[in-house]
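The values are calculated or read from the model by the stated rules, or taken from the named source; none is laboratory data. Since this is a predicted model, take the numbers as computed values, not measurements. In this analysis, Cβ positions are derived from the backbone assuming ideal geometry, glycine residues included, and neighbour counts consider all displayed protein chains. These area figures cover heavy atoms from the full protein model, side chains too; ligands, DNA and RNA do not enter into them. Shrake-Rupley method; radii C 1.70, N 1.55, O 1.52, S 1.80 Å.
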Amino acid sequence: MRIKVDRKKCSGCHLCEMACSLFHMGVMNPERSAIRIEKDDLETSVHRPIVCRQCKEMKCLDGEEVNDKSEKGKFLWDEGRSDRCPFHALTVFQGNAYHCDLCGGRPQCVKVCTPGAIRIGKGPGPM
Ligand code: SF4
Ligand code: SF4
């Protein structure tokens, strides 16, 4: 299971970030969310949701002797893993990397995304 993104549908409302940080950290703070919206300030004003792709081969864990499956279930990671992610998918804030743990199977961000820019998908595929 992973979160699939259709960036063309993203309105840039940031509700997904709020839902994530509220669910995991008890605060509404986009800096403490595992999903983040990057804005292209060019004429197109494209908003791009960025979130962990739940890779089978987790480059973010290179050099660590840890169990991939159990790490996938954790929200707060060490910030060093962010540098190893080829997709720059992790939000970093005050020494932690914020990693999408899929909310234990019911992603809160997907629930609040009324335009349908993020949805639950299975298996690898384009973001
Ligand atoms: S909730 Fe959906 S539309 Fe709003 S910023 Fe997040 S991905 Fe984009
Ligand atoms: S943090 Fe990056 S490398 Fe690691 S599983 Fe997520 S997208 Fe893949």
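How many residues does the stretch 6-19 contain that are out of contact with any Lys or Arg (no Cβ under 8 Å at 6 or more places or on another chain) and not in a loop (DSSP other than H, G, I, E, B)? Break it down into steps so the answer makes sense when it comes.
First, the residues of the stretch 6-19 that are out of contact with any Lys or Arg (no Cβ under 8 Å at 6 or more places or on another chain): 8-9, 11, 13-16, 18.
Pick out the ones that are also not in a loop (DSSP other than H, G, I, E, B) and you get 8-9, 15-16, 18.
Residues in the stretch 6-19 being out of contact with any Lys or Arg (no Cβ under 8 Å at 6 or more places or on another chain) and not in a loop (DSSP other than H, G, I, E, B): 5 in total.
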(request) Just need a number here: residues in the stretch 56-75 that are without any contact (Cβ under 8 Å) to a residue 24 or more places away in the chain and among the hydrophobic types (A, V, I, L, M, F, W, C). (result) 3
(request) Give me a count of the residues in the stretch 16-55 that are away from ligand 1 (no atom under 16 Å from the Cβ) and modelled with pLDDT under 95. (result) 2
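So, in the stretch 82-101, exactly how many residues are over 21 Å from V27 (Cβ atoms), surrounded by 13 or more Cβ atoms within 10 Å (Cβ to Cβ) and under 14 Å from the mean Cα position of the chain (by Cα)?
Initially, the stretch 82-101 is screened for residues over 21 Å from V27 (Cβ atoms), giving 83-89.
Adding the requirement that they be surrounded by 13 or more Cβ atoms within 10 Å (Cβ to Cβ) leaves 84-85, 87, 89.
Checking which are under 14 Å from the mean Cα position of the chain (by Cα) leaves us with 85, 87, 89.
Going through the stretch 82-101 one residue at a time, the tally reaches 3.
With respect to R106, determine if the residue is open to solvent by 30 Å² or more (accessible area, probe 1.4 Å), within 16 Å of ligand 1 (Cβ to nearest atom) and touching a residue at least 40 places away in the same chain (Cβ under 8 Å). Spell out how you get there, then give the answer.
Numbers: open to solvent by 30 Å² or more (accessible area, probe 1.4 Å): yes; within 16 Å of ligand 1 (Cβ to nearest atom): yes; touching a residue at least 40 places away in the same chain (Cβ under 8 Å): no.
Considered against the rule, which asks whether it is open to solvent by 30 Å² or more (accessible area, probe 1.4 Å), within 16 Å of ligand 1 (Cβ to nearest atom) and touching a residue at least 40 places away in the same chain (Cβ under 8 Å), R106 comes out as no.
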